[in-house]
Amino acid sequence: MIIHRPQTAAEAVQLRYASPDTTAYLAGGTDDLRLGGAAEGKELIDINALGFDTIEDKDGKIYIGARVTLQKLVESDLIPAFIKDAAKFCSSFVKRNSATVGGNLALRRDDSYLAAALCVADAKLLALSAKGEKEEPVYDYLKGACKCLLMYIVIEKDREGWVKRFGNTSASHATLIAAAGNGIYALSVKGSGLACGNTPDLYETMEFCDDLAGSAEYKKYLAKTVFSLRR
Ligand SMILES: Cc1cc2nc3c(=O)[nH]c(=O)nc-3n(C[C@H](O)[C@H](O)[C@H](O)COP(=O)(O)OP(=O)(O)OC[C@H]3O[C@@H](n4cnc5c(N)ncnc54)[C@H](O)[C@@H]3O)c2cc1C
């Protein structure tokens, strides 16, 4: 296995863009270092010497480093309760203690622990691409496919909301994760992806499929009713 160890974020980005199909960033490694993970067979660009591992309060905004682990989110006094609840959807302490926020978003999974909650928090990402630094809403990033290095996730202080998960067990793939708050609604549905908007009727824009997480009818029923259940 080839592992590059860049000393700066710019160096990491340069390596990634030079070989987009054959490299992946290495953060907590919970996905990269498993058989069948997104990075299988690829050269890894270890970003663990680059910082981005703090949670800071600056001018009323919370800056979450992309290398902050899900467990560190849970333990922080600065993180809104519903985002902590989302981090706890990763039910294994061992995994929570390695898995990072940046790695979770970058995988763009349809059962992402954090995607729906961070959309509802109206989170913005600070990232470094080959063209330089950029800021974009987390929802736009999740719907795209860029190779940029996530540095920080930024949310307004004191955001409020709630998040709810349905799945066969706490360790299975989530069938559906819903979040709401600040007039924003978000749904991650296994097999359907992520939807976000300002009304609770998101299910109308989604297509549902049968899979191990549940039937299409079941998923549609959950998506249709979840926002009336609230917490
Ligand atoms: C058994 C098992 C079950 C899982 N179940 C779930 C689940 O239900 N829901 C879920 O959301 N996840 C799940 N995961 C995936 C994973 O554990 C988490 O999403 C985790 O948060 C990934 O973080 P990491 O730091 O370990 O990422 P890594 O494994 O280090 O990296 C994963 C990917 O993210 C990219 N990446 C990492 N950091 C950055 C960054 N700063 N900027 C840009 N790209 C970056 C890398 O290129 C890499 O391809 C599961 C993993 C396993 C092994």
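For ASN97, the requirement of being in contact with a helix residue (DSSP H, G or I) (Cβ under 7 Å, 6 or more places away or on another chain) and at pLDDT below 95 is not met. Please verify whether ALA10 is in a helix (DSSP H, G or I), under 22 Å from GLY132 (Cα atoms) and modelled with pLDDT of 95 or more, treating the condition exactly as stated. The answer is yes for ALA10.
Of everything in the stretch 65-80 that is touching an Asp or Glu at 6+ places or on another chain (Cβ under 9 Å) and among the charged types (D, E, K, R), the residue that is farthest from the ligand (Cβ to nearest atom) is LYS72. The listed residues are GLY191, GLY197, GLY214, and the only one of them that is surrounded by fewer than 19 Cβ atoms within 10 Å (Cβ to Cβ) and not aromatic (Phe, Trp, Tyr) turns out to be GLY197.
Okay, residues lined up against (1) within 9 Å of the ligand (Cβ to nearest atom); (2) of a type in the set (Lys, Arg); (3) in a loop (DSSP other than H, G, I, E, B); (4) at pLDDT 95 or above:
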residue: ILE45; (1), (2), (3), (4): yes, no, no, yes
residue: ASP53; (1), (2), (3), (4): no, no, yes, yes
residue: TYR63; (1), (2), (3), (4): no, no, no, yes
residue: PHE82; (1), (2), (3), (4): no, no, no, yes
residue: GLU136; (1), (2), (3), (4): no, no, no, yes
residue: MET151; (1), (2), (3), (4): yes, no, no, yes
residue: VAL154; (1), (2), (3), (4): no, no, no, yes
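For THR169, are the conditions met, namely being among the polar types (S, T, N, Q), out of contact with any Phe, Trp or Tyr (no Cβ under 7 Å at 6 or more places or on another chain) and under 20 Å from THR54 (Cα atoms)? The answer is no for THR169.
Restricting attention to the stretch 84-122, the residues that are in contact with a Pro (Cβ under 9 Å, 6 or more places away or on another chain), crowded, with 24+ Cβ neighbours inside 10 Å and part of a loop (DSSP other than H, G, I, E, B) add up to 1.
Which residue is nearest to ALA86 (Cα to Cα), if the candidates are limited to the stretch 38-73 and must be β-branched (Val, Ile, Thr) and surrounded by 18 or more Cβ atoms within 10 Å (Cβ to Cβ)?
So the first thing to find is which residues in the stretch 38-73 are β-branched (Val, Ile, Thr), and the list is 45, 47, 54-55, 62, 64, 68-69.
Right, trim to surrounded by 18 or more Cβ atoms within 10 Å (Cβ to Cβ) and you get 45, 47, 55, 62, 64, 68-69.
Details: ILE45: 27, ILE47: 24, ILE55: 17, ILE62: 17, ILE64: 15, VAL68: 14, THR69: 13 Å.
It comes out as THR69.
Of all residues in the stretch 28-43, those that are out of contact with any Phe, Trp or Tyr (no Cβ under 9 Å at 6 or more places or on another chain) and either near the ligand (Cβ under 6 Å from one of its atoms) or not in a loop (DSSP other than H, G, I, E, B) (or both) total 7. Which residues, taken from the stretch 167-187, are within 20 Å of LEU107 (Cα to Cα) and modelled with pLDDT of 95 or more? Scanning the stretch 167-187 gives GLY167, ALA174, THR175, LEU176, ILE177, ALA178, ALA179, ALA186, LEU187.
To keep it simple, each residue is scored yes or no on (1) in contact with a Cys (Cβ under 8 Å, 6 or more places away or on another chain); (2) farther than 28 Å from VAL68 by Cβ.
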residue: LEU142; (1), (2): yes, no
residue: THR175; (1), (2): no, no
residue: ALA180; (1), (2): no, no
residue: ASP211; (1), (2): no, yes
residue: GLU217; (1), (2): no, yes
residue: SER228; (1), (2): no, yes
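The values are calculated or read from the model by the stated rules, or taken from the named source; none is laboratory data. Just so we're clear, the structure is a prediction, and the values are computed from it rather than from any experiment. Cβ atoms come from the backbone with ideal geometry, glycine included; neighbour counts cover every protein chain shown.
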